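Notes for the one structure printed next.
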Amino acid sequence: MAHAKNKVWIHGIFCTKHRKPLITKELQTQVYENLHLQIKRTGCYLEAIGGIEDHVHLLFLLNRNKSVGEVFKQLKGASSREFNQLELFPEQFHWQKGYGAFSVSESGIYKVVQYISNQEIHHQKLNYDHEFISLLQKHHLPTEEVSFE
């Protein structure tokens, strides 16, 4: 085959350090716009973004020249650096170490977009720890060594 072709959708999730509820309604738009900018800088395409005060969900199309790890390193590192330069938060801002990245089939895009856009409603019933564990289980990933600190 003369050309490599791929289309890899990623549902990503990551938290503020110590899961502090820093992403208030007032700051949400700025935070999401910055994350969107960082995703564009990696050459990925953002389909959806959402979350609540202590974590963010993204659905993006992975740039074929980037690894998932590279995208999250850029996304989290550059955004926290910019948030701190802008003094967006009352204290130094950091994302928690690690992230979740789950592949999404083309037929599952709509469902994941709905899931991301309904985070506030979703978290009235389920906290982040349970949400993340259920995503790991759904994707047949081990849950024993997951740390929420």
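For the range 14-49, a residue qualifies if it is open to solvent by less than 50 Å² (accessible area, probe 1.4 Å) and of a type in the set (S, T, N, Q), and the qualifying residues are Thr16, Thr24, Gln28, Asn34, Gln38, Thr42.
Tell me which of these His11 doesn't satisfy, since it passes every other one: (1) assigned to a helix (DSSP H, G or I); (2) open to solvent by less than 30 Å² (accessible area, probe 1.4 Å); (3) in contact with a strand residue (DSSP E or B) (Cβ under 7 Å, 6 or more places away or on another chain); (4) of a type outside the set (Val, Ile, Thr). Of everything listed in (1) assigned to a helix (DSSP H, G or I); (2) open to solvent by less than 30 Å² (accessible area, probe 1.4 Å); (3) in contact with a strand residue (DSSP E or B) (Cβ under 7 Å, 6 or more places away or on another chain); (4) of a type outside the set (Val, Ile, Thr), His11 misses just condition (1). Of all residue pairs spaced 6 or more apart or on separate chains, those with beta-carbon atoms under 9 Å, a first member in the range 43-57 that is free of Cβ contacts under 8 Å to residues at least 24 places away in the same chain and a second member that is surrounded by fewer than 20 Cβ atoms within 10 Å (Cβ to Cβ) and outside any loop (DSSP other than H, G, I, E, B) are Tyr45/Leu61; Leu46/His36; Leu46/Lys40; Leu46/Leu61. Of all residues in the range 51-82, those satisfying the criterion of being of a type in the set (Lys, Arg) and under 18 Å from Lys97 (Cα atoms) are Lys73, Lys76, Arg81. Of all residues being polar (S, T, N, Q) and within 22 Å of Arg41 (Cβ to Cβ) in the range 65-102, which is surrounded by the most Cβ atoms within 10 Å (Cβ to Cβ)? Just the residue, please. Among those that are polar (S, T, N, Q) and within 22 Å of Arg41 (Cβ to Cβ), it is Ser79.
So, in the range 64-103, of the ones that are outside any helix (DSSP H, G or I) and among the hydroxyl-bearing types (Ser, Thr, Tyr), which residue ends up nearest to the chain's Cα centre (by Cα)?
Filtering first and then ranking leaves Tyr99.
For the range 18-45, a residue qualifies if it is assigned to a loop (DSSP other than H, G, I, E, B) and farther than 21 Å from Leu62 by Cα, and the qualifying residues are Lys20, Pro21, Leu22, Ile23, Thr24.
The values are calculated or read from the model by the stated rules, or taken from the named source; none is laboratory data. In this text, all values refer to a predicted model and were calculated from it rather than measured experimentally. Neighbour counts are summed over all protein chains in view; Cβ atoms, including those assigned to glycine, are modelled from backbone coordinates with ideal geometry. Accessible surface is based on the protein model in full, side chains and every heavy atom, while ligands, DNA and RNA are left aside. Shrake-Rupley method; radii C 1.70, N 1.55, O 1.52, S 1.80 Å.
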